[in-house]
Amino acid sequence: MDIAFATIKELRKLLNTKQISAVELAKEFLSRIKEYDQDLRSFITVTEEQALAQAREADRAIAAGEAEMFTGIPFAAKDLFSTRGIKTTAASKILENFQPVYDATVIRKLKDQKAILLGKTNLDQFAHGSSTETSYFGPTHNPWHRDRIPGGSSGGSAAAVAASLAPFALATETGGSIRQPASLCGISGWKPTYGRVSRYGVIAMASSADSIGTFARTVEDLALTAEILSGFDPKDSTTSKKDIAPWSDMLSGSLDDCKIGVPKEYFVSGIEPDVEKRVKEAIEEIRKLGAKIQSVSLPLTMFGSMVYAIVTPSEVSSNLSRYDGIRYGYVTKEARDLYEIYAKTRGEGFGDEAKRRIMTGTYALSAGYRDQYYLKSQKVRRLIVNGFSEVFKQVDILLCPSSPNVAIKIGSAADDPLFGYIADQLNIPAALAGLPALSIPCGFGKPKDGEDVKLPVGLQIIGPQWGEEKIFQVGHAYQQVTEFHKMRPRNL
Amino acid sequence: MSISIDDVKHIAKLARIELREDELEKFRADLNKILGYIEVLKTVNTDGVEPLAQVTGLQNAFREDQSENSGLQKDIVKNAPESERGFIKVKKVF
């Protein structure tokens, strides 16, 4: 077995049976990072020393018979998760040298089991974007074709898993930032039900939709990560006290009674022909497994991105007010008074996309415009939520494309203020409604720019609120009869 | 309704972001493009619909108002650009 491409479950077995040590495993991934990441640039910071120290501790725990599911398993974390004493930049100039004084709850949960943090991965600056090109440190490259985007904002984490620089990675999503890069990088990604996973210690973007999830090689691995990461946290009052099910043990249920809806509005005009074909083939495969497929309608789908284009910047304008040059982060050299500290620090420190979102939000919330923009959007958002509730009275889950297109070339959407809103149009409605969803690989397709290359296509599986069990089951059933999740980029 | 250069200056001031001259026109064009994009949202009938604020259904997550010592005071102040004797230093407000 090639351990770099093994699943978490397989690695657990190798570690428990002493066929490999945690130190050897960490060294394998660290050496792959050295070899491949100069080209891919999926990491901002590699934590080699800490990783090896943690691995030695993990080996002691395994020797003492105290191994848990993640003991000695390496992982990467998007550089939006606070890590005590380890630089956490949000891929921004403002936080270029910021060292958090505490760990995010999900980092602590993994550390408690002695999982091994390999490093912090690249993202769109403050998670604002869908290509990882707005990073202050430059873009990450798609492992399948290096001149293409990995998607975003969690593009570094997605590329790292796709290139087997880590067996799994932490990511965040507000409106597509897990599902779209999972799709473009040909890996499995889980965006949880809003409120499932604590955001404590994760740099905030738009709090009414921000969610923490993971990338991995299989749905089974995603279910394992969901079990450790989910649960109530007194430090994030939006987290739910609902019990966490042993999802990884509940995967093998039959799909005979499963009712699946295919929302017709998700096959939008402009969808690439190969994407449509691959997704329809996947739906057919799932029908053969016994599921009952029916067409459903979510008529407000097209308005999701517009709601998002107002609601997200509004929340961003509030959440990013904390970067003021006073308590931490970049500060201007030239201020004469307090106002200038704020205005110059923020003017010099924020990138274009952050400025654009802060200003859009400030405008949408300002006197005289709040009703017209912010409140109107939140009303339409309620109608979108209601639309999903109605559909989930008829079906158990929804199947659709994760992205209307395969990976585009780096630079081809640069500086288009609408790029992200269009790119994520098939992810945003479920995000606004706080629903759980997966993106899993379902084949390859040609890009519409005409280049003769094959790039990964993602199947999206959306569940009702708190419906993780069902999406994991359907995703797992599909991966039992297909091989797309086992495909690897060349030369890696 | 379109946004003028003066509007951009006003918004930037509210947001405490100092823009360079060349950024004013860029953001004027960008903001107008975004507002143009969402224009069609007006056509959705929302009569009698309450704006949605959150999706969890949770209400009033209270906790005891107890203080605890994180023991991190030195580390926290270390992150501040300017500090003195364990305090974060700011320019005078008036």
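The values are calculated or read from the model by the stated rules, or taken from the named source; none is laboratory data. Worth saying up front: this structure is predicted, and the values here are computed from it rather than measured. Positions of Cβ are generated from backbone atoms using ideal geometry, with glycine treated the same way; all protein chains shown enter the neighbour counts.
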Revision key, fill the gap. Of those in the stretch A:110-139 that are among the polar types (S, T, N, Q) and in contact with a Phe, Trp or Tyr (Cβ under 9 Å, 6 or more places away or on another chain), the residue farthest from residue A:41 (Cα to Cα) is A:113
Check your understanding: Among (1) closer than 21 Å to residue A:341 by Cα; (2) at the interface with chain A (Cβ under 7 Å from one of its Cβ atoms); (3) exposed (fewer than 13 other Cβ atoms within 10 Å of the Cβ), which single condition is residue B:81 missing?
Key -> (3)
Point to revise | Conditions (1) more than 7 Å from every other protein chain (Cβ to nearest Cβ); (2) touching a Lys or Arg at 6+ places or on another chain (Cβ under 9 Å); (3) in a helix (DSSP H, G or I); (4) touching a residue at least 40 places away in the same chain (Cβ under 8 Å): number failed by residue A:321 | key: (4)
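State yes or no: is residue A:447 touching a residue at least 12 places away in the same chain (Cβ under 8 Å), within 14 Å of another protein chain (Cβ to nearest Cβ) and either of a type outside the set (Gly, Ala, Ser) or surrounded by fewer than 24 Cβ atoms within 10 Å (Cβ to Cβ) (or both)?
The answer is no for residue A:447.
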Revision key, fill the gap. Residue set A:290, A:270, A:253; condition touching a helix residue (DSSP H, G or I) at 6+ places or on another chain (Cβ under 6 Å), surrounded by fewer than 16 Cβ atoms within 10 Å (Cβ to Cβ), in contact (Cβ under 8 Å) with a residue 24 or more places away in the chain and in a loop (DSSP other than H, G, I, E, B); output residue A:253
Check your understanding: Can you name the residue in the stretch A:177-221 that is of a type in the set (Asp, Glu) and in a helix (DSSP H, G or I) and is also farthest from residue A:5 (Cα to Cα) among such residues?
Key -> A:220
**Study point:** Top-ranked residue of the stretch A:204-219 - restricted to ones that are in contact with a strand residue (DSSP E or B) (Cβ under 9 Å, 6 or more places away or on another chain) and within 14 Å of another protein chain (Cβ to nearest Cβ), ranked as farthest from residue A:79 (Cα to Cα)
**Key:** A:209
Review point. Quick one: is residue A:102 surrounded by fewer than 24 Cβ atoms within 10 Å (Cβ to Cβ) and under 15 Å from residue A:43 (Cα atoms)?
Key: no
Point to revise | Yes/no for residue A:426 being part of a loop (DSSP other than H, G, I, E, B), within 14 Å of another protein chain (Cβ to nearest Cβ), in contact with a helix residue (DSSP H, G or I) (Cβ under 7 Å, 6 or more places away or on another chain) and within 30 Å of residue A:354 (Cα to Cα) | key: no
Review point. Is it true that some residue in the stretch A:290-313 is closer than 24 Å to residue A:483 by Cβ and among the charged types (D, E, K, R)?
Key: no
Point to revise | Residue in the stretch B:11-58 that is nearest to residue A:232 (Cα to Cα), counting only those that are among the hydroxyl-bearing types (Ser, Thr, Tyr) and assigned to a loop (DSSP other than H, G, I, E, B) | key: B:56
Practice item. Just give me the residues in the stretch A:356-370 being farther than 13 Å from residue A:321 by Cβ and either at the interface with chain B (Cβ under 7 Å from one of its Cβ atoms) or out of contact with any helix residue (DSSP H, G or I) (no Cβ under 8 Å at 6 or more places or on another chain) (or both), in sequence order. Key: A:356, A:360, A:363, A:366, A:367, A:368
Review point. Hey, among the residues in the stretch B:16-55 that are out of contact with any helix residue (DSSP H, G or I) (no Cβ under 9 Å at 6 or more places or on another chain) and facing chain A (nearest Cβ under 8 Å), which one's farthest from residue A:379 (Cα to Cα)?
Key: B:33
Revision key, fill the gap. Of those in the stretch A:482-492 that are among the basic types (Lys, Arg) and assigned to a loop (DSSP other than H, G, I, E, B), the residue nearest to residue A:411 (Cα to Cα) is A:490
Review point. With respect to the numbered conditions (1) surrounded by fewer than 23 Cβ atoms within 10 Å (Cβ to Cβ); (2) closer than 20 Å to residue A:161 by Cβ, which one is the sole condition not fulfilled by residue A:459?
Key: (1)
Check your understanding: Out of the residues in the stretch A:222-234 that are at pLDDT 95 or above and in a loop (DSSP other than H, G, I, E, B), which is nearest to the other protein chains (Cβ to nearest Cβ)?
Key -> A:232
Exercise for review: Please enumerate the residues belonging to the stretch A:443-481 that are more than 23 Å from residue A:191 (Cβ to Cβ), part of a loop (DSSP other than H, G, I, E, B) and among the hydrophobic types (A, V, I, L, M, F, W, C).
Suggested key: A:453
